[in-house]
Amino acid sequence: MTDPGLVFGALADDTRRTVFMRVAAGGQATASELARDLPVTRQAVAKHLSLLAGAGLVESKKVGRETRFHARSEPLSEAIDWMATVGARWDDRLARLARLADS
């Protein structure tokens, strides 16, 4: 399981989130392809992709001289499951607190 903190940290940056969404929408892309439509350099996009890869949100594959990236949905699903679990715990705690306040 991917650490939810890594996923949230990776997606906290607007540019990185945009890079991830473009990779996910396009199926796969190189850093150069992504940089064409962004106000940052190819090197900056490569750094963002590296952080996204560290969180497990993208994977790379060498195709000839290019490195192509594709999105992975599993870490997002795991982060959503984690949020649902934490949310349910808080709902239980708040319900107990409300019962205590009512008695």
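The values are calculated or read from the model by the stated rules, or taken from the named source; none is laboratory data. What you see is a predicted model; the values in this text were computed from it and never measured. As a convention, Cβ positions derive from the backbone with ideal geometry for all residues, glycine included, and neighbour counts pool all protein chains shown. Please note that ligands, DNA and RNA were not included when accessible areas were found on the heavy atoms of the full protein model with its side chains. Shrake-Rupley method; radii C 1.70, N 1.55, O 1.52, S 1.80 Å.
Hey, what's the stretch 48-103 come to in accessible area per residue, 1.4 Å probe, Å²? Don't skip to the answer; put the middle values down first.
Working: 4050 Å² over 56 residues.
With all protein chains present, the stretch 48-103 gives 72 Å² per residue.
Over the chain, what is the relative contact order in whole percent, taking alpha-carbon pairs under 8 Å and six or more residues apart?
The value is 31 percent.
Give, in nm to one decimal, the length gained when the segment between Asp91 and Gln28 is fully stretched (0.36 nm per residue of separation minus the Cα-Cα distance).
Contour length minus the Cα-Cα distance gives 18.8 nm.
Given the options Gly56, Gly27, Gly64, state which has the largest fluctuation in a GNM of the chain using a 10 Å cut-off (strictly under) for Cα springs.
Ranking Gly56, Gly27, Gly64 by mean-square fluctuation puts Gly64 first.
Diagonalise the Cα gyration tensor of the chain and give the resulting equivalent ellipsoid semi-axes, square root of 5 times each eigenvalue, largest first, whole Å. Present the calculation step by step, with values, prior to reporting the outcome.
Details: eigenvalues 288, 35, 18 Å².
The three semi-axes for the chain are 38, 13, 9 Å.
Roughly how big is the chain's charge dipole about its Cα centre, with Cβ charges of +1 (Lys, Arg) and -1 (Asp, Glu), in debye to the nearest 20?
It works out to roughly 380 debye.
Among Leu34, Ser77, Leu94, which residue has its Cα positioned farthest towards the positive end of the charge dipole of the chain, with +1 placed on the Cβ of Lys and Arg, -1 on the Cβ of Asp and Glu, and the dipole taken about the Cα centre?
Result: Leu34, furthest along the dipole toward the positive end.
As a check on your grasp of the helix formula, calculate [θ] at 222 nm for the chain: sum -39500 (n - 2.57) over DSSP H runs of n ≥ 4, divide by the residue count, round to the nearest 500. Can you show the working numbers first?
Values: 5 runs with 69 residues, N = 103.
Dividing the helical sum by the residues of the chain leaves -21500 deg cm²/dmol.
List the pair-distance distribution P(r) of the stretch 25-75, using every Cα-Cα distance, as the percent of pairs falling in each 10 Å bin from 0 up to the bin containing the longest distance, rounded to whole percents.
Taking all Cα pairs of the stretch 25-75, the binned fractions are 27, 59, 14 percent.
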